[in-house]
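Inspection log for the structure reproduced underneath, given as structure tokens.
The values are calculated or read from the model by the stated rules, or taken from the named source; none is laboratory data. Everything numeric here is computed off the predicted structure, so don't read it as measured data. Every residue, glycine as well, gets a Cβ built from its backbone with ideal geometry; the counts of neighbours run over all protein chains shown.
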Amino acid sequence: MGFFSIFKKKDDVKSDEIDKQDEVQEESDSDVSDTPEPETLEEPETVAEEPAPEQEVRLAAMDQDYAEKPAIKYGFFKRLKKGLSKTSGKLVGGMESIFTGKKEIDEDLLEELEELFITSDIGVNTTMKIIENVRDELSRKKLKNPEELKNSLKKHILNILDIPNDLNTTQDKPYVIVVLGVNGAGKTTSIAKMAKMFKEQGLSTTLAAGDTFRAAAIDQLCVWGDRVGVPVIKQSEGSDSAAVIFDAIQSCRSKGVDVLIADTAGRLQNKVNLMKELEKITRVAKRELPYAPHEILLVLDATSGQNAISQAQKFNEDIGITGLVLTKLDGTAKGGAIIGIVDELGVPVKFIGFGEGVDDLKPFNASDFVDALFDNETKGEND
Amino acid sequence: MFATLNDKLNAVFSKLKKQVRIDDENINEALKQVRMALLEADVNFKVVKTFIGNVLEKALGEEVKKSLTPDQVFIKIVNDELVDILGGKDYKEARIKLNSNPPTVIMMAGLQGSGKTTTAGKLANFFMKQSKSVLLVAGDIYSPAAIDQLETLGRQLSCDVYSDRESKDAVKIAKDALSQAKKTAKDIVIIDTAGRLHIDEELMGEIVRTKEAVSPDEVLFVADAMTGQDAVNVAKTFNEQLDATGIILTKMDGDARGGAALSIKEVTGKPLKFIGTGEKLTEFEQFYPDRMASRILGMGDIVTLVERAQDSIEEGDAEELAAKMAKHGLDFEDMLKQFRMIKKMGSMDSILRLIPGLGNTNMGEVDDKQLKRVEAIIFSMTKKERKNAKILNSSRKKRIARGSGTHVADVNRLVNQLNQMNKMMKQMTKKLGGSNKLNPAMMKDFLKMR
């Protein structure tokens with residue numbers, strides 16, 4: 001099944017339970033417009049305080065003509081590589097210079113490798129683990145020369161990262177994705193990019209403005225919704241985030257929307273009360289749809305160092321995450337922390353972000369990623 | 001969760017205590033632990049290397065070898081070196097230079113998501129508290145709703161915001177804003193800028209041109225405390241192009257150790273001026289090198305804690321309490337008093353973060369709401385019950401639970417807590433030889449016991 005095949009086909013389902021919901025609308029609805037459906041929606045009784053649909057209201061932020069950051073257009077692989085070239089440049093450049101003139105694997109070589117890994121934010125523990133593995137293979141005479149060592153390292157990292165990362169499947173509708181992360185990780189931008197991808201897959205998509213805390217966060221999501229052409233369900237700043245998401249699920253359900261992506265306010269993982277608020281959001285979603293949220297994605301900034309590990313651990317412990325989104329790979333940061341995270345938590349990377357453009361997000365592919373990390377500039381130029 | 005550097009070094013040195021002499025090899029083992037601690041705190045690899053070299057030089061002096069407590073001396077050398085690099089003990093650079101010919105112009109710079117806009121708001125608040133008039137300038141014309149974000153902050157602060165939604169020229173916006181500030185006689189102009197990658201030549205060019213156009217008195221590089229090894233590359237480029245005048249470290253309320261501070265300071269040589277400690281506009285503090293050093297090393301911040309305790313606990317109260325504790329043990333009235341003292345010191349969360357070894361853990365159970373619940377339970381007791389926990393039978397407990405909106409189990413838990421505290425106090429007074437005064441040394445011991 002493909003990455004985006006999020007809805008189980010009927011014959012995939014073993015249980016006899018038949019969908020309660022009529023799915024006739026499914027096809028006709030895929031062309032989503034900003035205007036609300038003419039029929040009156042069933043109002044959610046419990047939570048929503050201001051049920052009036054606000055879609056017609058245009059914000060100043062939405063009508064503003066934004067300056068475009070000068071961006072150079074490349075194909076995907078090239079852009080990814082360009083983004084990663086600093087990473088791979090570092091690793092490969094470093095690798096090459098480490099390996100040149102070396103015919104044997106010695107202690108110096110291992111130490112230099114250690115330095116390279118640590119400067120890629122891979123972290124002391126994971127680095128030690130990888131180096132131990134190399135030593136082990138050396139003692140068993142499995143590695144004869146530096147070239148073999150290089151291949152072994154590549155294989156080892158690929159082994160860690162290459163775990164199944166297709167989106168979870170369900171029969172529920174809407175398919176609910178909740179997006180979490182610390183402040184400034186890139187949640188809102190990633191959501192916009194994801195929405196565009198789902199839309200292009202022919203799935204009707206709606207966004208929920210769950211960041212009701214940060215100044216103008218709702219406006220920001222609305223601008224993105226406008227750009228991507230998907231509706232945004234929102235309440236006013238300061239309202240209860242869980243109520244927004246409850247509202248959004250209700251509305252999506254009655255309109256037969258396929259995918260709902262919920263934004264949440266950025267929060268540091270050591271804030272107990274804010275973590276409880278997230279728990280409430282997922283609880284509310286679950287109450288509405290038994291398997292929701294179908295994906296809980298943690299957005300991690302590639303620039304961050306070892307704290308990314310603490311973030312992943314804590315969000316996973318408190319909320320339970322189903323996947324990672326690694327952003328800002330277009331900088332010079334290596335994002336190496338994910339290797340340790342994936343290794344330790346077994347949670348896959350589902351998307352990577354590598355720019356501010358709406359197309360600068362792609363499903364994560366471990367072998368592409370490792371290739372880009374390790375290979376020379378020969379591959380993928382034409383993609 | 002995390003072993004602190006202190007624990008690790010103690011482990012290394014406890015082995016040594018059995019030996020007569022301390023040699024280079026032992027010191028190397030200790031240095032290895034320091035190196036690991038710094039790398040785990042995200043200090044850049046190369047910066048760590050230089051640092052270890054310097055420490056080695058100092059540690060090899062006779063002082064460490066001769067000392068009876070080599071671990072303490074060694075930790076002190078490491079700590080002092082760190083404090084020195086971060087700015088030294090008498091730190092006076094955390095100020096913003098005010099132009100004698102106002103307005104003073106401050107420009108923010110940094111990566112996307114580092115916290116520039118929020119920090120601009122915090123700075124505005126900081127100056128407005130000093131009765132200065134401030135103009136915030138919305139210089140981010142790229143990110144969706146960035147202008148709205150700054151305008152919202154401006155409304156919250158009742159601070160004027162200059163924006164131009166029509167313009168696509170960040171340089172011109174800054175220039176126009178400056179001339180408006182001059183016309184309206186503002187004291188301070190704070191220019192927010194778009195987040196940009198240090199390798200984005202065009203946008204780096206734009207911010208350089210903005211700088212040239214308004215000749216700011218301060219160019220503040222805003223960096224996220226969670227930044228990893230890449231902090232050196234980013235800070236170096238920004239500083240080379242903009243010749244920053246200072247650094248602000250944001251998101252310090254997280255549990256990141258903040259090794260980036262050391263990396264950035266080392267590659268730029270520019271002073272760290274402020275830290276951001278929360279999402280509220282008031283959560284903004286001056287930078288202290290010694291506190292940062294303790295945090296990076298994972299040693300907690302006893303100094304701040306003792307300072308705060310001294311500020312908020314009146315000496316008479318403390319002595320009285322200690323004397324009573326030693327004689328009769330604690331009752332619920334004392335517990336209530338203690339809570340009030342603790343409350344004066346700040347939120348539970350912020351206190352716990354200062355305690356060595358707890359700085360990086362998550363004491364999920366101890367939040368302020370829980371304190372309130374405990375208070376409610378005590379308030380639902382009669383005076384007699386507060387004085388004597390022994391009379392609490394099940395019908396009394398039921399009544400208290402009802403009165404405070406809790407369960408009997410909660411009441412029981414609190415009673416147990418009181419008993420435990422009494423036990424601990426007894427042990428402590430024994431340990432301290434029956435002294436019945438609460439002094440800083442005792443406080444330190446108490447904190448170490450936990």
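Have a look at B:237, B:193 and point out the one that is surrounded by 24 or more Cβ atoms within 10 Å (Cβ to Cβ) and either farther than 24 Å from residue A:58 by Cβ or more than 27 Å from the chain's Cα centre (by Cα) (or both).
So the residue among B:237, B:193 that is surrounded by 24 or more Cβ atoms within 10 Å (Cβ to Cβ) and either farther than 24 Å from residue A:58 by Cβ or more than 27 Å from the chain's Cα centre (by Cα) (or both) is B:193.
Can you give me the number of residues within the stretch A:268-281 that are surrounded by fewer than 21 Cβ atoms within 10 Å (Cβ to Cβ) and in contact (Cβ under 8 Å) with a residue 60 or more places away in the chain?
0
Look at the stretch A:282-318 and say how many of its residues are part of a loop (DSSP other than H, G, I, E, B), in contact with a Ser or Thr (Cβ under 7 Å, 6 or more places away or on another chain) and closer than 21 Å to residue A:167 by Cα.
3
Just to verify a result, which residue in the stretch B:256-273, among those that are in contact (Cβ under 8 Å) with a residue 40 or more places away in the chain and surrounded by fewer than 24 Cβ atoms within 10 Å (Cβ to Cβ), is farthest from the other protein chains (Cβ to nearest Cβ)?
Result: B:271.
Suppose we filter A:265, A:242 for residues that are surrounded by fewer than 24 Cβ atoms within 10 Å (Cβ to Cβ), in contact (Cβ under 8 Å) with a residue 24 or more places away in the chain and assigned to a loop (DSSP other than H, G, I, E, B); which single one remains?
Selected residue: A:265, the only one of A:265, A:242 that is surrounded by fewer than 24 Cβ atoms within 10 Å (Cβ to Cβ), in contact (Cβ under 8 Å) with a residue 24 or more places away in the chain and assigned to a loop (DSSP other than H, G, I, E, B).
Would you mind finding the one in B:441, B:401 that is exposed (fewer than 15 other Cβ atoms within 10 Å of the Cβ) and either assigned to a helix (DSSP H, G or I) or modelled with pLDDT of 90 or more (or both)?
B:441
Being out of contact with any Pro (no Cβ under 8 Å at 6 or more places or on another chain), at pLDDT below 90, in a helix (DSSP H, G or I) and away from chain A (no Cβ under 11 Å), is that true of even one residue in the stretch B:34-52?
yes
So, in the stretch A:338-363, how many residues would count as being hydrophobic (A, V, I, L, M, F, W, C), surrounded by 21 or more Cβ atoms within 10 Å (Cβ to Cβ) and under 19 Å from residue A:190 (Cα atoms)?
Number of matching residues: 7.
Looking only at the stretch B:101-151, count every residue that is away from every other protein chain (no Cβ under 11 Å), over 17 Å from residue B:214 (Cβ atoms) and in a loop (DSSP other than H, G, I, E, B) and tell me the total.
Result for the stretch B:101-151: 5.
Taking the stretch B:152-169 only, how many residues are closer than 19 Å to residue A:63 by Cα, at the interface with chain A (Cβ under 8 Å from one of its Cβ atoms) and buried (at least 20 other Cβ atoms within 10 Å of the Cβ)?
Within the stretch B:152-169, residues that are closer than 19 Å to residue A:63 by Cα, at the interface with chain A (Cβ under 8 Å from one of its Cβ atoms) and buried (at least 20 other Cβ atoms within 10 Å of the Cβ) number 1.
Say we look at the stretch B:214-224 and pick out the residues that are more than 8 Å from chain A (Cβ to nearest Cβ) and under 24 Å from the mean Cα position of the chain (by Cα); which of these is surrounded by the fewest Cβ atoms within 10 Å (Cβ to Cβ)?
B:218
Quick check on this structure: which one of A:161, A:143, A:110 is modelled with pLDDT of 80 or more, away from chain B (no Cβ under 14 Å) and touching a strand residue (DSSP E or B) at 6+ places or on another chain (Cβ under 9 Å)?
A:161
Exactly one condition in (1) away from chain B (no Cβ under 14 Å); (2) closer than 22 Å to residue A:189 by Cβ; (3) in contact with a strand residue (DSSP E or B) (Cβ under 8 Å, 6 or more places away or on another chain); (4) not small (Gly, Ala, Ser) is not met by residue A:291; state its number.
All conditions pass for residue A:291, except number (2).
So, of the residues in the stretch A:187-209 that are in contact (Cβ under 8 Å) with a residue 12 or more places away in the chain and out of contact with any Leu (no Cβ under 9 Å at 6 or more places or on another chain), which turns out to be farthest from the other protein chains (Cβ to nearest Cβ)?
A:202
Is it the case that residue A:260 is away from chain B (no Cβ under 14 Å) and under 30 Å from residue B:252 (Cα atoms)?
no
Which numbered condition trips up residue A:315, out of (1) more than 9 Å from every other protein chain (Cβ to nearest Cβ); (2) modelled with pLDDT under 95?
It is condition (2) that residue A:315 fails.
Are any of the residues in the stretch B:195-205 under 11 Å from residue B:135 (Cα atoms) and without any contact (Cβ under 8 Å) to a residue 60 or more places away in the chain?
Within the stretch B:195-205 (the criterion being under 11 Å from residue B:135 (Cα atoms) and without any contact (Cβ under 8 Å) to a residue 60 or more places away in the chain), the answer is no, since none of the residues qualifies.
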